[in-house]
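Student: Can you keep this structure in mind? I'll have questions shortly.
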Amino acid sequence: METTNYRSTNIDSIQSATILNERTILRSSFLWMAIAMVLTTLSSLLFAFVPQLTALLLEPTEFGVKPTILAYVVMFAPLIFVLLMSFGVNKMSLPVLIATFVAYSVINGISFSFIFYVYSIGSIYKVFLSTAALFALMAIVGYTTKTDLTKLGSLLMIGLIGIVIASLINMFMQSEKMDYIISILGVIIFTGLTAYDVQKIKNLGSEGQGDVFAKKMGIMGALTLYLDFINLFLFLLRLFGGRKD
């Protein structure tokens, strides 16, 4: 069972602003993203390798194992969390937004535990490191480039919509060739979106909105970068991950 976690947030939906120190929100975004990645990694490892926790997701049958109700819940719940944060950021208090982001990171990690049953742990490790290196490179590009990446970001978002639609179609067609093409396009799109989003977050600020609003934007920026990293990782894993026999 593979996990697909397409990005469903748009940093542009956050109210535009000007911060006195534009680096503050970017540092906050990367800090919260790092926290989310740690929580996701820990929860995925625990549910993949602790039998008592694994039993909550998979139950034995005469033909092997099958997903439990909880397994289906954690597979679809992350999308609900992302939508909740994206559309409710202005109404949520800062503590509620933080709690929602933390819960999302943990539940997303639980859903990722399934990749350990599909791919070898060695290939997961190598793809993760490759993703981290590529993400870091594009983050540096997005931070340092003087070129406005707004038009590129718009094109990439159109491409993202395209691969989501293609993936839905391929759920019925089950074409390995189409899946391969989608994965290649996914890597290209999320590589570009990483640079675009870093530049976008760098340029965010507040027009007298206050410290709380700036902190909220830091969390939403973290959500966007987290989704860029996760989706880049998943597409690279589909291309280069070594499947178990």
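The values are calculated or read from the model by the stated rules, or taken from the named source; none is laboratory data. It should be emphasised that the depicted structure is a prediction, and the values quoted were computed from it without experimental measurement. Note that we place each Cβ from the backbone using ideal geometry, even for glycine, and neighbour counts take in every protein chain shown.
Student: Go through the residues of region 138-152 one by one and say whether even a single one is under 23 Å from PHE112 (Cα atoms), outside any loop (DSSP other than H, G, I, E, B) and either modelled with pLDDT under 95 or touching an Asp or Glu at 6+ places or on another chain (Cβ under 8 Å) (or both). Even if it seems obvious, please write down each step before you answer.
Tutor: Looking only at region 138-152, we keep the residues that are under 23 Å from PHE112 (Cα atoms), and these are none.
Within region 138-152, not a single residue is under 23 Å from PHE112 (Cα atoms), outside any loop (DSSP other than H, G, I, E, B) and either modelled with pLDDT under 95 or touching an Asp or Glu at 6+ places or on another chain (Cβ under 8 Å) (or both).
Student: May I pose another question? Taking the stated definitions as given, is ALA99 free of Cβ contacts under 8 Å to residues at least 12 places away in the same chain and surrounded by fewer than 16 Cβ atoms within 10 Å (Cβ to Cβ)?
Tutor: Working: free of Cβ contacts under 8 Å to residues at least 12 places away in the same chain: yes; surrounded by fewer than 16 Cβ atoms within 10 Å (Cβ to Cβ): yes.
For ALA99, the condition - free of Cβ contacts under 8 Å to residues at least 12 places away in the same chain and surrounded by fewer than 16 Cβ atoms within 10 Å (Cβ to Cβ) - is met.
Student: Just to be sure I understand, how many residues within region 93-126 are in contact with a strand residue (DSSP E or B) (Cβ under 8 Å, 6 or more places away or on another chain) and of a type in the set (Val, Ile, Thr)?
Tutor: Residues in region 93-126 being in contact with a strand residue (DSSP E or B) (Cβ under 8 Å, 6 or more places away or on another chain) and of a type in the set (Val, Ile, Thr): 1 in total.
Student: Sticking with this one: Among the residues of region 205-245 satisfying the criterion of being among the charged types (D, E, K, R) and within 30 Å of MET178 (Cα to Cα), which is modelled with the lowest pLDDT? If you could, list the steps in order and put the result at the bottom.
Tutor: Start the filter on region 205-245 by keeping residues that are among the charged types (D, E, K, R), which leaves 207, 211, 215-216, 228, 238, 243-245.
Next cut, within 30 Å of MET178 (Cα to Cα) only: 228, 238, 243-245.
On the way: ASP228: 96, ARG238: 92, ARG243: 84, LYS244: 77, ASP245: 65.
This residue is ASP245.
Student: For VAL89, are the conditions met, namely being at pLDDT below 90 and surrounded by 13 or more Cβ atoms within 10 Å (Cβ to Cβ)?
Tutor: Values: at pLDDT below 90: yes; surrounded by 13 or more Cβ atoms within 10 Å (Cβ to Cβ): yes.
When the stated conditions are applied, VAL89 passes them.
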